[in-house]
Structure formats: C-alpha cells, structure tokens
Amino acid sequence: MAKKIKRHKHHNIKEDKFVTTALLFTEFVQNHWKKVALGVAALIVVIILVVAMTSRSGKVDQLALRQFDNALALYEDDQMDKAEEAFSAVLDEYGSSKYSELSYLYLGKINIEKSDPDVELAEKYFKKAKSKIHESLLKQAAWMGLAECTRLSEGDDAYYEYLARVIKKFSNSYNVPQIAFMIAEHYFTADEYEKANDYYDLIVKKFKTSTNYYKAKQQLEYIENLQQDK
C-alpha cells in the first residue's frame, strides 16, 4: 500500500511540474508576445534568405556553365577572337563562380596561341589563375602557362629553369617525369651533362613506372661512359 501511495505522489509531482512549466511558458508568451513574434519573424526571414541564396547560387552556376561551354566550343572551333570575348564575359558576369578560374586559364592560352601572341596579357591571366585555383592539376596548368610566357619573353634557358621550379612546386605530380625528361633532354642536347644527369636520375630513382624510365636509364649510362672516357 505504501508503495502505491508513493508511486501516486511521484506521478502527481511529475504532472505538477509539467503543468507548472506549461503555465510559465504561457505566461511568458503572453507577457512577451511581441518579442516572440519578432523572433519567429526574423527566423522565417533568415530561412527564406538562405533558401533564396542557395537557389540563386545554383542558378548562377548553371548560367555560368552554359556561358563557359559556349566559350569552350568557340575555342575548340579555333574561333579565338569570339572565344576570348566569351571567356571574358564569364569573368564579367559570373566572376564569383568556379568557371571564372578556368576562364582565366583559357584566356591565358588564347593570348599565347594567337598568331601574334600577347605575352604580357597571357601572363596576367595565368597569374590570376595561379592565385585563384586550388585544384592541384589546374594550378599546375597555370604554372606551365607561365613557363611558356617565360620562354616567349626570355628564351629557352629561362623556360627550362622555370620548369625546374614547377617540379619543385609539384614534386608528387604524375607530370613530373615528363617535365623532368624535357629538362634533362634540353641539357643533354646542350652538352650540359651534369645538369641532365640530375633530372635523368630523378626519373630513375623516383618514377620507375614512368614511360621515360628506360630512356632516362640509358642516358645515365651514356653520361657515365662519357665521364669515364675523359
């Protein structure tokens, strides 16, 4: 019997707490209904803004992609002047979209590939791409574009020195063996065997699955034989 009374009292206490909380909440709403209404209204506005911004962002990306695809089609069709205008329009109209980063790369390429290259403008676009792009391969493409600008403005020696910087910057890139082989062959052709040796050696030691591995190994053996014959 004692247990039943105790359980009954416990139930009443729980019920009273619930009722008391409900009454307090009702009283709070009655006394502060304006603040509550304003808070709810503010929350609704925030939700509407977030939904609107998300929707707008998706729409902007779609429009930017459409404009970018049009520019790319013009580029691939070798209509360089029109492609340049179209990529520039992506920057002007959708500068905050991800397609603006790629547009900087293509604008750099266009100004290098013209019959009369505008190296200064190309360099400007590649530098913009380098600073804005975060994806490693695309950033590397911007560096390679700057290397080409260096070749056009300063010559082959400066170009290969710039490529050496690319290797240091992107030491784990799968493009490194090919770039290293280009540098090595340049120095080999120029009879600068010690410099060539460094880059052939890099390929042999670090990139054994590279298509240039066996050729680099042969060149190293050739250089070694030359040094022994001296």
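Structural remarks
- Residue in region 208-229 that is exposed (fewer than 13 other Cβ atoms within 10 Å of the Cβ) and closer than 30 Å to Tyr99 by Cα present: no
- Considering region 182-203, and only residues there that are of a type in the set (A, V, I, L, M, F, W, C) and surrounded by 18 or more Cβ atoms within 10 Å (Cβ to Cβ), the residue that is nearest to Glu161 (Cα to Cα) turns out to be Ile183.
- Scanning region 113-126 for residues that are surrounded by fewer than 20 Cβ atoms within 10 Å (Cβ to Cβ) and in contact with a Leu (Cβ under 7 Å, 6 or more places away or on another chain) gives Pro117, Val119.
- Flag for Leu72 being part of a helix (DSSP H, G or I), touching a residue at least 24 places away in the same chain (Cβ under 8 Å), under 20 Å from Ser173 (Cβ atoms) and touching a Leu at 6+ places or on another chain (Cβ under 9 Å): no
- Candidate set: region 127-138, residues that are part of a helix (DSSP H, G or I) and surrounded by fewer than 19 Cβ atoms within 10 Å (Cβ to Cβ); chosen: the one modelled with the highest pLDDT: Lys127
- Test: residue in region 169-177 that is in contact (Cβ under 8 Å) with a residue 12 or more places away in the chain, closer than 22 Å to Glu148 by Cα, among the charged types (D, E, K, R) and not in a loop (DSSP other than H, G, I, E, B): yes
- Residue count for region 139-166, restricted to those that are surrounded by 19 or more Cβ atoms within 10 Å (Cβ to Cβ) and more than 20 Å from Tyr104 (Cβ to Cβ): 3.
- Flag for Ser115 being among the small types (Gly, Ala, Ser) and over 21 Å from the mean Cα position of the chain (by Cα): yes
The values are calculated or read from the model by the stated rules, or taken from the named source; none is laboratory data. On a predicted model such as this, the values are computed, not experimentally measured, just so you know. Neighbour counts are summed over all protein chains in view; Cβ atoms, including those assigned to glycine, are modelled from backbone coordinates with ideal geometry.
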